[in-house]
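Okay, structure first, notes after.
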Amino acid sequence: FFDEEGFNYVHSPIITTSDCEGAGEMFRVTSLDGKDLSRSSEKDDFADDFFARSAYLTVSGQLSGEAYACALGDVYTFGPTFRAENSQTARHLAEFWMIEPEIAFADASGAMDNAEAMMKFVIKKALADCRKDLEFCDKFYGNNELIDRLTSISGSEPFLRLSYTDAVSLLQEEIKKDPKKWQFPDVEFGTDLATEHERWLAEKHAGGRCVFVYDYPRSIKSFYMRDNDDQKTVAAFDLLAPGV
């Protein structure tokens, strides 16, 4: 997909000294043994380590991608990433492969266009080339509706686009009807939306379509997100999918 869109494929480092996400939840890479590592950590002095500084397994190739994009234009990186989040949920992995495009000149709307086109391309490809695998998964792990859902998502109908502020308003109206149905009924501007909120937006409000939620409060997004003119929100978006 990205090749057809004119993107250059670049490789980003797996071992890095930077914390791209700024969360500090990274796996350390060191040549020191236990005792030396303990002493170095206490003093925050890694002069005797292999890189003579703290080094980690990468959490994202984004920073490298941004540098490449300044020289090469549109690029993407696809490789292993690692997160040391001790979270026992289906949404968190210690190791996974992540694809990250960087578009040299685009606004949030253009980035959403690219994400939507990629999602539809990948789903159509999976339905065409891996249909038996998807039918197997649907039979044993799904509700015999996976194929129909994927076919619908990859169709011609565009994904719904909803500002975070509008999403909060819609949720507040729905929750008022019966707050007891919700595990997290308190939703206001600045709330980090929970899974039940996201699923309601995609499955109920959007009628089973994918939903882009954009312009999130700057307080709940990463430091590197571009500030909007209102100084309250950032030009960031999440893509919500039904059933996820």
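Quick one: would you say S163 is on the phi < 0 side of the Ramachandran plot, open to solvent by 60 Å² or more (accessible area, probe 1.4 Å) and either under 21 Å from the mean Cα position of the chain (by Cα) or modelled with pLDDT under 95 (or both)? Spelling it out, it is not the case that S163 is on the phi < 0 side of the Ramachandran plot, open to solvent by 60 Å² or more (accessible area, probe 1.4 Å) and either under 21 Å from the mean Cα position of the chain (by Cα) or modelled with pLDDT under 95 (or both). Looking at region 169-181, is at least one residue part of a helix (DSSP H, G or I), at pLDDT below 95 and touching a Leu at 6+ places or on another chain (Cβ under 7 Å)? Among the residues of region 169-181, not one is part of a helix (DSSP H, G or I), at pLDDT below 95 and touching a Leu at 6+ places or on another chain (Cβ under 7 Å), which makes the answer no. Within region 95-136, the set of residues being surrounded by 13 or more Cβ atoms within 10 Å (Cβ to Cβ), among the charged types (D, E, K, R) and closer than 23 Å to S156 by Cβ comprises D113, E116, K120, K124.
Candidates in region 63-76 are the residues that are touching a residue at least 60 places away in the same chain (Cβ under 8 Å) and either within 14 Å of the chain's Cα centre (by Cα) or part of a helix (DSSP H, G or I) (or both); of these, the one that is surrounded by the most Cβ atoms within 10 Å (Cβ to Cβ) is Y68.
Candidates are the residues of region 191-237 that are without any contact (Cβ under 8 Å) to a residue 40 or more places away in the chain and of a type in the set (D, E); the one that is surrounded by the fewest Cβ atoms within 10 Å (Cβ to Cβ) is D229. Considering region 50-62, the residues that are open to solvent by 40 Å² or more (accessible area, probe 1.4 Å) and either over 22 Å from Y224 (Cβ atoms) or not basic (K, R) (or both) include one that is nearest to the chain's Cα centre (by Cα), namely L57.
A residue that is touching a Cys at 6+ places or on another chain (Cβ under 8 Å) and in contact (Cβ under 8 Å) with a residue 12 or more places away in the chain can be found somewhere in region 114-128.
Only a single criterion out of (1) assigned to a helix (DSSP H, G or I); (2) open to solvent by 80 Å² or more (accessible area, probe 1.4 Å); (3) touching a residue at least 12 places away in the same chain (Cβ under 8 Å); (4) farther than 26 Å from P158 by Cβ is not satisfied by F184, namely (1). Of all residue pairs spaced 6 or more apart or on separate chains, those with beta-carbon atoms under 6 Å, a first member in region 142-169 that is under 14 Å from E203 (Cβ atoms) and a second member that is open to solvent by 20 Å² or more (accessible area, probe 1.4 Å) and assigned to a loop (DSSP other than H, G, I, E, B) are L160/R209.
Within region 77-110, the set of residues being under 27 Å from T195 (Cβ atoms) and in a loop (DSSP other than H, G, I, E, B) comprises R83, A84, E85, N86, S87, Q88, T89, A90, R91, H92, L93, A94.
Scanning region 153-176 for residues that are of a type in the set (S, T, Y) and under 19 Å from G243 (Cβ atoms) yields one hit, S154. Here A47 does not fit the description of being outside any strand (DSSP E or B), at negative phi and under 22 Å from the mean Cα position of the chain (by Cα).
Taken over region 188-244, the criterion of being aromatic (F, W, Y) and in a loop (DSSP other than H, G, I, E, B) is satisfied by F189, F223, Y224. Going through region 9-45 one residue at a time, which ones are surrounded by fewer than 16 Cβ atoms within 10 Å (Cβ to Cβ), modelled with pLDDT of 90 or more and touching a helix residue (DSSP H, G or I) at 6+ places or on another chain (Cβ under 9 Å)? Scanning region 9-45 gives H11, P13.
The values are calculated or read from the model by the stated rules, or taken from the named source; none is laboratory data. Quantities reported herein were computed from a predicted structural model and do not represent experimental measurements. FYI the Cβ positions are ideal-geometry reconstructions off the backbone, even for glycines, and counts take in every protein chain you see. Only protein heavy atoms, including side chains, enter the accessible area calculation; ligands, DNA and RNA are left aside. Shrake-Rupley method; radii C 1.70, N 1.55, O 1.52, S 1.80 Å.
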